[in-house]
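The values are calculated or read from the model by the stated rules, or taken from the named source; none is laboratory data. Model, not experiment: these values are computed from the prediction. All Cβ positions, glycine included, derive from the backbone under ideal geometry; neighbour counts span all protein chains shown. These area figures cover heavy atoms from the full protein model, side chains too; ligands, DNA and RNA do not enter into them. Shrake-Rupley method; radii C 1.70, N 1.55, O 1.52, S 1.80 Å.
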Amino acid sequence: MGIERILASSEYDFTLQSVDYIEECIVKFQHNNLGNFVMGLSGTNGRVRRARLQDMLIGMAGRKNIDWKRMRLFLIDERYCSTNGEDDSNALLVRDALIKRLHKANIAFPEEYLLAPDTSLAPVEACAAEYKDRLVALLDQEHGPHLVTLGLAADGSVCSVFPEWYQEVPERWKAATSKNVNVLCTETSHFEVPRRLCVNLRLIRKAEQIMVFLGEGTDEAWSKVKQAYDAERFGQKPPKRARTLEAEQMMLSADGFMMVQARGARSKPVEPPPASPLDYLLKYSNVSVVQLRIDHENHYSVVVLGAAGDLAKKKTFPAIFQLHLGRFLPANASIIGVDDPTFHADITGTDEFWERRLLPFLEKEKDWASQDMQEFRKRMHFCPVSLSSEETVVALHKYLEELAKGRAKDNRVFYLALPSFLFGRTIAALKTHCWSSTGFCRVIVEKPFGKNGKEAKELSESLTKHLSESETFRIDHYLAKTLVLNLLTLRFANRELGHLFHGHHIANVRITFKEAIGVQGRAGYFDGYGIIRDIMQNHLMQVLTLVAMEAPASLGAEDVRDEKVKVLKQIRPIDPKECVIGQYDGYQDDPDIKKLNAQKGYASRCPTFAVAVMYLDNERWSGVPFIMKAGKAMEVQQTIVRLQFKKAPSGSLFGDQPQNELVIRIQPNEAIYYKILAKLPGLTQRAKDVQQTVLDLDLKKRFELRRTPEAYEKLIHDVIQGESHNFVRRDELEEAWRIFDPLLESLEVKEARTPERYAFGSRGPLKADALIDSMGFRRYTVTGVPGFAEDDFD
């Protein structure tokens, strides 16, 4: 019997080493014994730790050396009467992560091989008694348990035996450590489901192997466990004293014998229960402790400037919170909000920042527990900084140094959630007074990157005065959307599809962005930019480059971005005659727009809708129109890339048929589908009876994604990792402006064109459809009849 420490270098390694150890225990037993291996599984609290348990179970399902016919599982603890329903139960977690995957792999594992409390029984005491009877029968029959897994929570609890529960009533500790198998009914005020069922500690201590997952990866946490283990196993026990009897009364019997009545035995003082049940469990069994290794070399500071603004609280911090929940933030990362106290007088420290700015927005995120929020709060800091005050910037630098104290490398990521006119001034202050001398520094800048090519160039020059291109990350969140990330894979990993991306086969390419909402809440900003600058020049142009580019020399960031720049250089400036702009009814009624109109003296000509046609002058795409469309206040909310293939001649084998299409739905409900022709089934159908159908790839169903990460999560994670694939390089930015500058000048200055009106919730101006039709695009219904399709029209 002994104790060992397993240190994992990453979350992936944590799962891998845990599953390796479990598999080794099971295979060794099954090789040397004929019986079944009995394993007890403990649930855990909070999304972060439950996701770790889920990964472990998924890993177990993939191990081929385990004989699952000779496996029996039971739950060490379970949640009773969850406020969120069955979805929170440990039993469902095991079924979804382990048993369903075994069944998909055609591995027999009947439901009865998992022993779990029937939480539909009431009251809870009846549920516990029924589970105890089944558990006793299993353990008596199989002589188990052979292995139990459990985690040590922040409050010191183990497998739902909570210190707050047993310290209130000493008799509860006696029940938890009784020699007979028992199922306890416990309660907690710290975690998401207050009422729990759990087996007593003596049963766990009978296991041949105990695997402990420590939530904290520090040496101190390990030392506490090791010291408790040594004290329990090797500590000096008080010597047993000889029992002496004290006479209470003496008398002489009738036959002359002296009779002595002894005093009653003194009652032993009751020892207080321990601070954690783990101390009690570290006896008799072999114990393995799994920890995530702490990086003693690096510290990471993610500094959000403009932290109290809308962008930061609605997008940036929720994304960082989701990275925390998904276990993608380094364990030793600190999050620092920075803002000017001149504009936010109600925020003087971290507590006010957390309560008044962050918490209301973080609480809107899904699938978190109170423990997750508490742990994220411990990472958060706030520093008031004014760019006009050198002292406050220096104070921020010292604060970051203090957070990184004890680490060799002080790495910093600065996220500028600020207006672009402040970029140059902010970076100059950071570079002068707040730059790390021991680690990397990276700067994220948000769009807009200027209003035209001239402003964009000036902005880039202000950045390059202080930053190298490798330190600059221009964020365009469209580049991190799941289907946009999939475009390279779709084209170049599937060679047969890659060949179809060519003017020989494609009649036209459509890239369409639609929002069902107007400009409420940001009308003041939007009116100065319009839909072309806000959406088309950046988001949709990035999508176009990935659709049209040639295969890069490698998947390295610079090779990919080189090919994107080549595409941009080959696009002609847009002809104003091949552009239609529109403005939805009601735009002029917005209070902010009315104020702007009063200042300007005329009604706003800002387009909320635009269609533009582009051409590439290269061999692959020569003559193929790229039709870009973007609009607000539309009939649906979606972003779609549609490649419409050339129509077969009317006299071809199957006659006049609709054109095939490859459709990439970027949002919502990410999917790729190929609209092709198929023969109609049935005895009376002729060979020529064909109809359009769909080959559909639904990513969420196919890959069983727990959750598709938001774009900002992916991008912030990329910056921390130093990955620049999904960020805009300076030459990309300048080439994109080269394409749109002449169009914008013509629309706004030379023509001063008035946008076409369209109804809120419509497809946009009729002239836009006429322009699209003139480019050779044809719309088809689900059955292939020309018209407006019901499934995916754009």
Would you check if there is a residue in segment 373-386 being more than 30 Å from GLU192 (Cβ to Cβ) and part of a loop (DSSP other than H, G, I, E, B)? yes
Could you tell me how many of the residues in segment 26-61 are of a type in the set (Lys, Arg) and touching a helix residue (DSSP H, G or I) at 6+ places or on another chain (Cβ under 6 Å)? 1
When you scan segment 538-564, how many residues do you find that are open to solvent by 10 Å² or more (accessible area, probe 1.4 Å) and within 12 Å of ILE739 (Cβ to Cβ)? 1
Check on THR392, outside any loop (DSSP other than H, G, I, E, B), crowded, with 18+ Cβ neighbours inside 10 Å, β-branched (Val, Ile, Thr) and touching a residue at least 40 places away in the same chain (Cβ under 8 Å): no
Checking TYR584 against (1) open to solvent by 20 Å² or more (accessible area, probe 1.4 Å); (2) in contact (Cβ under 8 Å) with a residue 24 or more places away in the chain; (3) over 30 Å from ARG495 (Cβ atoms); (4) not small (Gly, Ala, Ser), which test does it fail? (1)
Give the residue, chosen from THR482, THR438, THR489, that is modelled with pLDDT under 90 and open to solvent by 40 Å² or more (accessible area, probe 1.4 Å). THR489
Residue check, VAL48 closer than 23 Å to ILE204 by Cβ, part of a helix (DSSP H, G or I) and under 32 Å from the mean Cα position of the chain (by Cα): no
What are the residues in segment 492-526 that are open to solvent by 20 Å² or more (accessible area, probe 1.4 Å), within 12 Å of LYS632 (Cβ to Cβ), touching a residue at least 12 places away in the same chain (Cβ under 8 Å) and of a type outside the set (A, V, I, L, M, F, W, C), if any? GLU515, GLN520
All but one of (1) of a type outside the set (Ser, Thr, Tyr); (2) at pLDDT below 90; (3) open to solvent by less than 10 Å² (accessible area, probe 1.4 Å) hold for ALA404; which doesn't? (2)
Taking only segment 130-155 into account, find how many residues are under 37 Å from the mean Cα position of the chain (by Cα), without any contact (Cβ under 8 Å) to a residue 40 or more places away in the chain and open to solvent by 60 Å² or more (accessible area, probe 1.4 Å). 0
Can you name the strands (runs of 3 or more DSSP E) wholly within segment 171-268 that have at least 1 residues being at pLDDT 90 or above and under 37 Å from the mean Cα position of the chain (by Cα)? 183-187, 195-199, 209-214
From (1) surrounded by fewer than 20 Cβ atoms within 10 Å (Cβ to Cβ); (2) at pLDDT 85 or above; (3) more than 18 Å from ILE772 (Cα to Cα), pick out the condition that doesn't hold for ALA633. (1)
If you go through GLY35, GLY43, the only one that is among the small types (Gly, Ala, Ser), open to solvent by 10 Å² or more (accessible area, probe 1.4 Å) and within 25 Å of ALA154 (Cβ to Cβ) is GLY43
Is it true that ARG52 is basic (Lys, Arg), at pLDDT 95 or above, under 19 Å from LYS100 (Cα atoms) and surrounded by 15 or more Cβ atoms within 10 Å (Cβ to Cβ)? no
For segment 179-200, how many residues are out of contact with any Cys (no Cβ under 8 Å at 6 or more places or on another chain) and among the hydroxyl-bearing types (Ser, Thr, Tyr)? 2
Conditions (1) farther than 13 Å from HIS146 by Cα; (2) open to solvent by less than 10 Å² (accessible area, probe 1.4 Å); (3) assigned to a helix (DSSP H, G or I); (4) of a type outside the set (S, T, N, Q); number of the one not met by GLU78: (3)
Specify the residue that is surrounded by the most Cβ atoms within 10 Å (Cβ to Cβ); the eligible residues are those in segment 713-733 that are in contact (Cβ under 8 Å) with a residue 40 or more places away in the chain and out of contact with any helix residue (DSSP H, G or I) (no Cβ under 8 Å at 6 or more places or on another chain). VAL719
Residues located in segment 714-725, provided they are under 21 Å from PRO318 (Cβ atoms) and either touching a strand residue (DSSP E or B) at 6+ places or on another chain (Cβ under 9 Å) or hydrophobic (A, V, I, L, M, F, W, C) (or both): LEU715, ILE716, ASP718, VAL719, ILE720
If you take the residues in segment 95-124 that are in contact with a strand residue (DSSP E or B) (Cβ under 8 Å, 6 or more places away or on another chain) and not hydrophobic (A, V, I, L, M, F, W, C), which one is most open to solvent (accessible area, probe 1.4 Å)? ARG95
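If you go through segment 1-42, how many residues are of a type in the set (D, E, K, R), within 20 Å of ALA61 (Cβ to Cβ) and within 35 Å of the chain's Cα centre (by Cα)?
Of the residues in segment 1-42, 5 are of a type in the set (D, E, K, R), within 20 Å of ALA61 (Cβ to Cβ) and within 35 Å of the chain's Cα centre (by Cα).
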Determine which single condition THR348 fails, assuming it passes every other condition in (1) β-branched (Val, Ile, Thr); (2) open to solvent by less than 10 Å² (accessible area, probe 1.4 Å); (3) closer than 19 Å to LYS398 by Cβ. (2)
Only one of (1) out of contact with any Leu (no Cβ under 7 Å at 6 or more places or on another chain); (2) open to solvent by less than 60 Å² (accessible area, probe 1.4 Å); (3) touching a residue at least 24 places away in the same chain (Cβ under 8 Å); (4) more than 25 Å from ARG425 (Cα to Cα) fails for LEU359. Which number is that? (3)
Among the residues of segment 11-24, are any surrounded by fewer than 17 Cβ atoms within 10 Å (Cβ to Cβ), of a type in the set (A, V, I, L, M) and modelled with pLDDT of 90 or more? yes
